[in-house]
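Accompanying notes for the structure given below.
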Amino acid sequence: MKRGMLCALVAIWILSGTATADPGSGPRTPFDRNLSYGGCDLVLRSASLKEVSFLKVDVYWVGLYLEAANTPADSILSSNQVKAFVLYFLRNVSSSELQEAWIQDLTLSCESDCRPVIAQGRILARTMPDVRSSQKFAYVLFPDRVVVLIDGRVLGTMVGASATRAILATFLGPKAPLKLRTDLTGP
């Protein structure tokens with residue numbers, strides 16, 4: 001079995017559970033510090049609490065997992081290591097809101113070869129269900145694809161390095177919210 005597929009299968013198993021761990025200083029997060037994907041050992045590098053800024057309402061935690069947690073901030077985007085962004089929802093979000101935000105973020109963040117990325121994103125967005133508080137939504141990023149999971153169940157896959165770059169840019173790119181980038185790439 002290919003390494004990427006094995007990692008995705010183990011990710012499904014790991015992300016289906018719930019646990020609480022403190023990734024360092026700051027508020028307590030709902031993430032385990034380590035995730036092992038049968039050959040892919042990922043470490044929680046950082047976490048950020050996402051809120052709707054004008055209402056100051058917490059929506060979800062996002063955790064960044066890397067194979068090498070000590071990866072310098074300026075190398076995360078260019079690194080070929082397996083990465084994962086795990087979102088732990090604190091509020092219910094409707095399918096239509098999730099779909100709209102997904103396409104908006106992809107459109108804003110994509111920097112190259114965007115047409116196929118947006119097309120794949122639209123197809124995947126149609127399968128997104130309503131998300132309830134305490135559910136986990138995860139992106140497992142490989143150099144050539146992104147596996148999207150909800151509570152450990154594969155929702156779909158986006159193929160191509162451009163899809164991986166677009167998802168990375170959604171969280172860490174120049175158009176991502178400054179607080180999110182700072183929290184996830186900080187020391």
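The values are calculated or read from the model by the stated rules, or taken from the named source; none is laboratory data. Nothing here was measured: the structure is a model prediction, and the numbers come from that model. Here the Cβ is made from the backbone with ideal geometry for all residues, glycine too, and neighbour counts use every protein chain on show. SASA here: full protein model, heavy atoms, side chains in, ligands and nucleic acids out. Shrake-Rupley method; radii C 1.70, N 1.55, O 1.52, S 1.80 Å.
Quick one: in segment 158-187, of everything that is of a type in the set (V, I, T), farther than 17 Å from A101 by Cα and touching a helix residue (DSSP H, G or I) at 6+ places or on another chain (Cβ under 8 Å), which residue is modelled with the lowest pLDDT? Break it down stepwise before answering.
The initial filter retains those residues of segment 158-187 that are of a type in the set (V, I, T), namely 159, 164, 167, 170, 182, 185.
Next, only the ones that are farther than 17 Å from A101 by Cα stay: 159, 164, 182, 185.
With the extra rule that they be touching a helix residue (DSSP H, G or I) at 6+ places or on another chain (Cβ under 8 Å), the set shrinks to 159, 185.
On the way: V159: 96, T185: 91.
Looking at the filtered set, the residue picked out is T185.
Tallying residues that are among the hydroxyl-bearing types (S, T, Y), open to solvent by 40 Å² or more (accessible area, probe 1.4 Å) and in contact with a Pro (Cβ under 6 Å, 6 or more places away or on another chain) within segment 63-102 yields 1.
Of D22, D105, D41, D32, all but one fail to be closer than 19 Å to P177 by Cβ, open to solvent by 40 Å² or more (accessible area, probe 1.4 Å) and either at pLDDT 90 or above or of a type outside the set (V, I, T) (or both); the exception is D105.
Do the conditions hold for V154, that is, is it in contact with a strand residue (DSSP E or B) (Cβ under 8 Å, 6 or more places away or on another chain), modelled with pLDDT under 95, open to solvent by 40 Å² or more (accessible area, probe 1.4 Å) and closer than 24 Å to L44 by Cβ?
Working: in contact with a strand residue (DSSP E or B) (Cβ under 8 Å, 6 or more places away or on another chain): yes; modelled with pLDDT under 95: yes; open to solvent by 40 Å² or more (accessible area, probe 1.4 Å): yes; closer than 24 Å to L44 by Cβ: yes.
Yes.
If you filter segment 178-187 down to residues that are in contact (Cβ under 8 Å) with a residue 24 or more places away in the chain and in contact with a Phe, Trp or Tyr (Cβ under 9 Å, 6 or more places away or on another chain), you find that the one that is surrounded by the fewest Cβ atoms within 10 Å (Cβ to Cβ) is L180.
From the residues in segment 80-125 that are part of a loop (DSSP other than H, G, I, E, B) and more than 14 Å from G173 (Cα to Cα), which one is nearest to the chain's Cα centre (by Cα)? Give the steps one after another, and end with the answer.
Of the residues in segment 80-125, the ones part of a loop (DSSP other than H, G, I, E, B) are 80-82, 90-92, 94, 110-113.
Cutting the leftovers down to more than 14 Å from G173 (Cα to Cα) gives us 80-82, 90-92, 94, 113.
Numbers: N80: 16, Q81: 14, V82: 12, L90: 16, R91: 17, N92: 18, S94: 18, D113: 20 Å.
By that ranking, first place goes to V82.
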